[in-house]
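What follows is a set of notes on a single structure, which appears directly below.
The values are calculated or read from the model by the stated rules, or taken from the named source; none is laboratory data. Not measured: the values here are computed from a predicted model. Neighbour counts are summed over all protein chains in view; Cβ atoms, including those assigned to glycine, are modelled from backbone coordinates with ideal geometry. Each accessible area value is taken on the protein alone, full model and side chains, heavy atoms only, with ligands, DNA and RNA left out. Shrake-Rupley method; radii C 1.70, N 1.55, O 1.52, S 1.80 Å.
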Amino acid sequence: MKTRFVTLILLILAGGGMVQGQEFPVIQAASFPKDTVYITAYGAKADGHSLNTKAINSAIDAVAAKGGGVVVIPAGLWMTGPVTLKSNVNLHLQQNALLQFTSDFDQYPLVEGNWEGLPQMRNQSPLSATGQQNIAITGKGIIDGGGDAWRMVKRDKLTESQWKSLVSSGGMLSDDKRTWYPSIKAFKGAAMKNPGVIEPGKTPEFYNSIKDFLRPNLLVLTNCKRILLEGVIIQNSPAWCMHPLMSEHITVRDITVRNPWYAQNGDGIDVESCKNVLIENSVFDVGDDALCMKSGRDEAGRKRGIPTQDMIIRNCVVYHAHGGFVVGSEMSGGVKNIYVSNCTFIGTDIGLRFKSARGRGGVVENIYITDITMRDIAGEAILFDMYYMAKDPVPLAGEKREAPKAELLPVNEGTPVFQNIAINNVVVNGAAKAIFLRGLPEMPVKNIALMNMNLVSNKYLEAVDTSGIVLQNIRWQSSQAEADTWGEKMSRTAMNIYKDSFALENDKTAKWRYDMGVVLKGVEAVWQQNQQQEYFNYIKRLIDFYVDGSGNIKGYRKDEFNIDHLNNGKNILFLYEQTGSEKYKKAAALLRDQLRHHPRTKSGGFWHKKIYPWQMWLDGLYMGQPFYAQYAKLFNEPEDFNDITRQFVLMEQYGRDKKTGLLYHGWDESREQRWANKKTGQSPNFWSRALGWYGMAMVDALDYFPADHPGRDSITGILNRYAKAVVNYQDPSSGTWWDVTDKKNAPGNYHEASASAMITYTLAKGVRMKYLPAVYEKAAQKGFEGIIKEFIEKDNNGGINLKGTVAVSGLGGNPYRDGSYDYYIKEPVITNDPKGIGAFIKCAAEMELRQRGGKP
């Protein structure tokens, strides 16, 4: 087939000149005879353990020998070793077919290949072809590369329970115990610099000694023509997912590419030294760069001298990735004539990412990008950087990086060039920085046209060593402009209501109430972020109203044995840590002493209150346990962590409903309360705020647990079961939670603000602290967006109020509260209830830690 071109007229400003008459490449399509062969005809078995390597490859060979056709993998689980594609063969995976590549490394022989732009020895790729024409992988099935068996994993990227599970599975740890390796061979290879590079003196025995480190890319197509990849899901690659290399006329359409977010080198597609390529209508959610253009590395890439060129990328969506559309860093052979349009990047570290470094060489030019939408970009929306450091684009928590030192060096063949690039019609809603341009003193980033953009980000533009940059019709809005954070706004609402002490509407005098502690913990979280003195002073002012110079607490009586009264102890401990004042230490010790005498159930659980004998309520776990844990850590009482763990275990043991996974509001060990089930002791309904208290209690108490204490795993396990259950009852339309959790749309039920904030906080903090997997981040984000939309109202003075919080709900007492559905929905719902305010501030501050809280 003869190549055709369709003319695209472009008029852009670039360094004072006009670029016109650019042409779209038209890609030659693959086509196949209709002759069809099923792999079962060659003995393949979908039993989940038999290796079908020989059967699948035999089917491909037979079809190729007859002039081509379709090799069908039917529905089922097909274990296999490496599969080699041949000319004129379409490997077709039917719906519900899972082609699972074995984790037996011995099935993958060492072969001469290519790794990050350099000739290297690698394990044979699970799927590969070399020098073939007219090949395809199509269908609706799944290709799984078994990558978990191959990849090293950093501890910082897993939850504690995930890390312990991984370590217990085998393998070995790095010397600093921060990285897991699947085997000693992988560990040995990681300690070397480019150990797989093919060079004199390296023997087969040497390569075998590090074999497990030489991870293969899942799909490698080298020197092939007319390639079609369509419809399938490609996932869990040992390294890159798809790697067309020095190939032509490639169509990638309707593909889904998935890798765990922590997958090192878990790229989506790396197009290297290829031309005439179309990638469209595909979705990427990966551990490294998503749509990546390469052309060889350093001298080897320049010697090869084959650019990646003449490519169309359109209508693609990228979720997690280091970069959405990426050029580099191995671009030594050049990249040119690339057309990217109508793509969406959601939650990537960087949106449009151009990266290189001295020594690479190569020219990147004539790149045309238009109609790009981005949201929640962790780093830069648009980045050009010639100081690529081979690190994650967004530093991990606690990681410190120094800016590179600018130094003028002579231009040579290793000097990279970024020039003549146009980016048009971009919308960004949320990024740390909108635009970052950093060239070299000897080679600026030059002739870049940025046009017609609407950008919302923390920071706008940083440009170093650039030339001929055109900014036309750029509208930028700071996500921090003119307003404080949601957490600061709501903190000020609280400061205006409770100026010097804490009294509710019907209180004649200020009382020692747990509500105050909820508000002040939220304000503390805001202060930890902004370090503004007024927030610290507010906490101290309110606590000092109650705590005198001798450590006595106004309005507190230990003999009431009310676990609610311990909640404010967290604020007292905070002030002791910040000031060292003995009065706070004495006041905290007074509260701690209550727990030594507090009545308990026969199984060891704290009564909710003396007036509520034999009862444990979910609320009480938040009131008592985070304070208990904080005190135990601060004053070195490690034995208390066993008792703290027991409280959470008992509450789940006696309060959890096996069918829904939710926990009932309360449990009566005596079964004497009218609200108590006579068989289980459980209250009749699930109350969402009670679930919120319980969730916050877990993520807050875990902050203080020793890393090696078994209770950490116990509580994390409970938290994961809890999260799974509560997310099932998140309202899909609003993202919030109903007052009575499981009775969606029941007459009188309603979305409740404090519960929604508490549960959202629990999920968000659980993910950030790696107590929960990252999958719950989406539920947290949706929850917070729903809270803002449904419960926040702005007043005429620029402040905000929180609607939709139920004033109180309890069990028993006088008048008697029977825990029925009718009881819960008839309690009054008010604006600016302190429990709701405090929960919202905690939630907002948590969301703002990940720069996803948005701004008022």
Residue list for the range 191-218, filter: in contact with a Leu (Cβ under 6 Å, 6 or more places away or on another chain) and part of a loop (DSSP other than H, G, I, E, B): GLY196
query: For LEU634, are the conditions met, namely being touching a residue at least 40 places away in the same chain (Cβ under 8 Å) and surrounded by 17 or more Cβ atoms within 10 Å (Cβ to Cβ)?
result: no
message: Take residues that are among the aliphatic types (A, V, I, L, M) and tell me which of the strands (runs of 3 or more DSSP E) falling wholly in the range 40-97 contain 3 or more.
response: 69-73, 89-93
message: Suppose we keep only residues that are in contact (Cβ under 8 Å) with a residue 12 or more places away in the chain and of a type in the set (Gly, Ala, Ser) within the range 645-687. Which one would you say is surrounded by the most Cβ atoms within 10 Å (Cβ to Cβ)?
response: GLY666
field: Lone qualifier among ARG358, ARG353 - being open to solvent by 20 Å² or more (accessible area, probe 1.4 Å) and in contact (Cβ under 8 Å) with a residue 60 or more places away in the chain
entry: ARG358
- request: Just give me the residues in the range 461-516 being open to solvent by 50 Å² or more (accessible area, probe 1.4 Å), closer than 18 Å to LYS842 by Cα and among the β-branched types (Val, Ile, Thr), in sequence order.
  value: ILE497
- prompt: Restricting the range 379-398 to residues that are among the aliphatic types (A, V, I, L, M) and at pLDDT 90 or above, which is surrounded by the fewest Cβ atoms within 10 Å (Cβ to Cβ)?
  reply: LEU383
message: Taking the conditions exactly as written (under 39 Å from the mean Cα position of the chain (by Cα) and either at pLDDT 95 or above or open to solvent by 30 Å² or more (accessible area, probe 1.4 Å) (or both)), does ALA29 satisfy them or not?
response: yes
- prompt: Within the range 714-725, can one find any residue that is closer than 28 Å to LEU634 by Cβ, touching a Ser or Thr at 6+ places or on another chain (Cβ under 6 Å) and either of a type outside the set (Gly, Ala, Ser) or open to solvent by less than 20 Å² (accessible area, probe 1.4 Å) (or both)?
  reply: yes
- request: Give the residue, chosen from ASN265, ASN223, that is surrounded by fewer than 24 Cβ atoms within 10 Å (Cβ to Cβ), at positive phi and either modelled with pLDDT under 95 or touching a helix residue (DSSP H, G or I) at 6+ places or on another chain (Cβ under 8 Å) (or both).
  value: ASN265
task: Mind listing just one residue for me: the one in the range 198-220 that is among the basic types (Lys, Arg) and either buried (at least 24 other Cβ atoms within 10 Å of the Cβ) or more than 36 Å from the chain's Cα centre (by Cα) (or both) and, of those, nearest to ALA136 (Cα to Cα)?
output: ARG215
statement: Sole miss for VAL526 among (1) in contact with an Asp or Glu (Cβ under 8 Å, 6 or more places away or on another chain); (2) over 30 Å from GLU848 (Cα atoms); (3) open to solvent by less than 10 Å² (accessible area, probe 1.4 Å) is condition (2)
query: Mind checking which residues of the range 575-594 are surrounded by fewer than 22 Cβ atoms within 10 Å (Cβ to Cβ) and not hydroxyl-bearing (Ser, Thr, Tyr)?
result: GLU577, GLN578, GLY580, GLU582, LYS583, LYS585, LYS586, ALA589, LEU590, ARG592, ASP593, GLN594
- request: Answer yes or no as to whether VAL317 is surrounded by fewer than 24 Cβ atoms within 10 Å (Cβ to Cβ), farther than 23 Å from ASN259 by Cα and either in contact with a helix residue (DSSP H, G or I) (Cβ under 8 Å, 6 or more places away or on another chain) or hydrophobic (A, V, I, L, M, F, W, C) (or both).
  value: no
Positions within the range 133-167 being of a type in the set (Val, Ile, Thr) and under 25 Å from THR256 (Cα atoms), in sequence order: ILE135, ILE137, THR138, ILE142, ILE143, VAL153
field: Unique residue being of a type in the set (Lys, Arg) and either surrounded by fewer than 18 Cβ atoms within 10 Å (Cβ to Cβ) or closer than 20 Å to GLY624 by Cα (or both) when the list is LYS770, LYS743
entry: LYS743
Which numbered condition ALA510 fails, given (1) touching a residue at least 24 places away in the same chain (Cβ under 8 Å); (2) outside any loop (DSSP other than H, G, I, E, B): (2)
- prompt: Among the residues of the range 166-197, how many are modelled with pLDDT of 90 or more and open to solvent by less than 80 Å² (accessible area, probe 1.4 Å)?
  reply: 21
query: Only one of these conditions is not met by ASN571: (1) open to solvent by 10 Å² or more (accessible area, probe 1.4 Å); (2) under 17 Å from LEU542 (Cα atoms); (3) under 36 Å from the mean Cα position of the chain (by Cα). Which number is it?
result: (1)
query: How about the range 661-682: which of its residues are under 29 Å from HIS709 (Cα atoms) and part of a loop (DSSP other than H, G, I, E, B)?
result: GLY661, LEU662, TYR664, HIS665, GLU669
message: Here are the criteria: (1) within 24 Å of the chain's Cα centre (by Cα); (2) buried (at least 24 other Cβ atoms within 10 Å of the Cβ); (3) at pLDDT 95 or above. Tell me which single one THR344 does not satisfy.
response: (2)
task: Out of the residues in the range 508-559 that are among the polar types (S, T, N, Q) and either modelled with pLDDT of 95 or more or over 37 Å from the mean Cα position of the chain (by Cα) (or both), state the one that is farthest from LEU590 (Cα to Cα).
output: THR509
query: Restricting attention to the range 268-298, and to residues there that are out of contact with any His (no Cβ under 8 Å at 6 or more places or on another chain) and among the acidic types (Asp, Glu), which single residue is surrounded by the most Cβ atoms within 10 Å (Cβ to Cβ)?
result: ASP298
